[in-house]
Amino acid sequence: MEKQEITLENILERYKDTAGPGDQQAVIALLREVQQLYGCVPDSVQQRVAQAVDAAPSLITALVRRVPGLTPAAYRHRIVVCTGPRCSAKGGTALLRAVENALGIAPGETTPDGCFRLETRNCLKQCGSAPNLTVDQTLYASVRVEDIPNLLKRYREPSC
Ligand code: FES
């Protein structure tokens with residue numbers, strides 16, 4: 001049995017003839033392997049991927065931000081704030097601002113300590129209990145702005 005270590009170099013080598021601006025599915029497959037290797041696709045690696053597949057760095061950055069399951073930075077907890085019409089009408093926009101201010105990040109970003117990643121979703125399919133957000137697999141319903149500090153504290157300690 002031969003053991004081969006998976007490295008960024010051998011991932012890039014395997015995709016060098018197939019992945020490129022004309023084949024985004026191959027680029028996404030490559031990025032998924034990178035994600036498995038590092039747990040994220042950091043900025044420095046995005047640059048290497050762009051060079052290797054002869055694509056604009058902005059294309060790679062856009063894919064990492066938009067393709068579900070890819071992230072530019074490792075994180076422990078993923079917060080998704082609903083920005084759908086029912087939640088927005090019931091304070092969801094203020095909720096999102098409160099989370100952004102508390103964490104110092106915008107949607108699509110990860111806190112520098114890697115504790116939280118913030119995302120938005122157009123509807124979490126729980127409109128009856130708007131405004132809603134999720135943290136990892138847990139739904140928080142009828143959330144108020146004043147709930148945010150304690151909610152974040154619950155996840156920040158002791159795991160982050
Ligand atoms: S609009 Fe927020 S759950 Fe549907």
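Computed over region 8-66, the convex hull of the alpha-carbon atoms projects to a mean area of 3.3 nm². Solvent-accessible surface of protein heavy atoms, probed at 1.4 angstrom with all chains present, puts CYS82, CYS123 in the order CYS123, CYS82, largest first. Alpha carbon centre of region 1-68 versus region 69-122: separation in Å? First find each Cα centre; the distance between them is then 25 Å. Hey, any idea what % of the chain's accessible area is carbon plus sulfur with a 1.4 Å probe? With neighbouring chains kept in place, the figure for the chain is 49 percent. Between VAL41 and THR71, ALA73, the built amide H atoms are under 5 Å apart, and every one of these is 5 or more places off in sequence or on another chain. For THR110, the solvent-accessible surface with a 1.4 Å probe is about 30 Å², rounded to the nearest 10. Its Cα centre serving as origin, the chain has a Cβ charge dipole (Lys and Arg +1, Asp and Glu -1) of approximately 800 debye.
Compute the Cα gyration tensor for region 77-156, then decide on rounded, prolate or oblate, letting a ≥ b ≥ c be the square roots of its eigenvalues: rounded whenever a/c is under 1.5, prolate when a/b is larger than b/c in the other cases, and oblate in all that remain.
Numbers: a/c = 1.65, a/b = 1.58, b/c = 1.04.
Since a/c reaches 1.5 and a/b is larger than b/c, the shape of region 77-156 is classed as prolate.
Build a GNM of the chain with springs between Cα atoms under 10 Å apart, and of ASP43, ASP136, ASP23 the one that fluctuates most is ASP23. Stokes-Einstein, applied to the Kirkwood radius of the chain over Cα pairs at a viscosity of 1.306 mPa s and 10 °C, places its translational diffusion at 92 µm² s⁻¹. Result for the chain in a Gaussian network model with C-alpha springs under 10 Å: among ILE79, ILE60, ILE11, the largest mean-square fluctuation is at ILE11. In whole angstrom, region 62-115 maps to an equivalent ellipsoid with semi-axes of 22, 14, 8, each derived as √(5λ) from the alpha carbon gyration tensor and ordered largest first.
Averaged over its residues, the chain has an accessible area of 58 Å² per residue, based on protein heavy atoms and a 1.4 Å probe.
The values are calculated or read from the model by the stated rules, or taken from the named source; none is laboratory data. Predicted, not measured: the structure shown is a model, and the values here were computed from it. Cβ sites come from the backbone with ideal geometry, for glycine too, and all protein chains shown count toward neighbours. The area values use the complete protein model at the heavy-atom level, side chains included, leaving out ligands, DNA and RNA. Shrake-Rupley method; radii C 1.70, N 1.55, O 1.52, S 1.80 Å.
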